[in-house]
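The values are calculated or read from the model by the stated rules, or taken from the named source; none is laboratory data. This one's a predicted model, so the numbers in the text were calculated from it and none came from an experiment. As a convention, Cβ positions derive from the backbone with ideal geometry for all residues, glycine included, and neighbour counts pool all protein chains shown. Areas reflect the complete protein model, heavy atoms only, side chains present, ligands, DNA and RNA absent. Shrake-Rupley method; radii C 1.70, N 1.55, O 1.52, S 1.80 Å.
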Amino acid sequence: MGSTVRMMVREDKPAVLEMMRTFYASPAVLSNGSEEIFSNDIENCLNDSPYLEGFIIEDSAQIQGYAMVAKSFSTEFGKKCIWIEDLYLKEPFRSQGIGTLFFDFITKHYTDCIFRLEVEPENRPAMGLYEKSGFTVLPYTEMKK
């Protein structure tokens, strides 16, 4: 059976924590996060937060990855904005069309939205997937406080 995308449920928390540890320790993310942040993120996905939703990507045998999206509004584009905060696929499931499956799902799940994400310039495989899925580079420098 092929891969599917579904909403995250409480029973997924241990698997998502493990994947977040791996993802945030990789060069794909600038910050290392923390157990407190990971747990808080998952709880927000599970507790009907108006800002964050979590998804599981799986086949009939196992969880293949997870994603988290944050919801906001873009005054620049004049519509709802969906930030793809985390998209992680376990190593054996990369380059198999599962990322494309996720982007197809998410654009049908959220209609009439602008989609945004961040990517490290060195992460060429991810950039290739994002470009294939219709994303273009915005010439911004992000700042935080």
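A convex hull fitted around the alpha carbon atoms of the chain yields 127 Å³ per residue. Which distance in Å, rounded to a whole number, links the C-alpha centroids of the range 118-143 and the range 1-67? After rounding, the separation between the Cα centres reads 21 Å. What the Cβ-Cβ distance of V29 and K108 gives, at R0 = 30 Å and to the nearest 0.05, is a FRET efficiency of 0.65. Report note on the peptides 73-79, 45-51: ranked by the mean count of other C-beta atoms within 10 Å, highest first, their order is 45-51, 73-79. The heavy atoms of F38 present about 10 square angstrom of accessible area, all protein chains included, probe 1.4 Å. Dividing the mean sequence gap of close Cα pairs (under 8 Å, 6+ apart) by how many residues the chain holds gives a relative contact order of 21 percent. Given R0 = 35 Å, the distance between the Cβ atoms of I37 and M127 translates into a calculated FRET efficiency of 0.90. Put a plus charge on the Cβ of each Lys and Arg, a minus charge on the Cβ of each Asp and Glu, and nothing anywhere else: the dipole of the chain about its Cα centre is then about 320 debye. Whenever you get a sec, compute what percent of the accessible area on the chain sits on carbon and sulfur atoms (1.4 Å probe). C and S fraction of accessible area: 54 percent.
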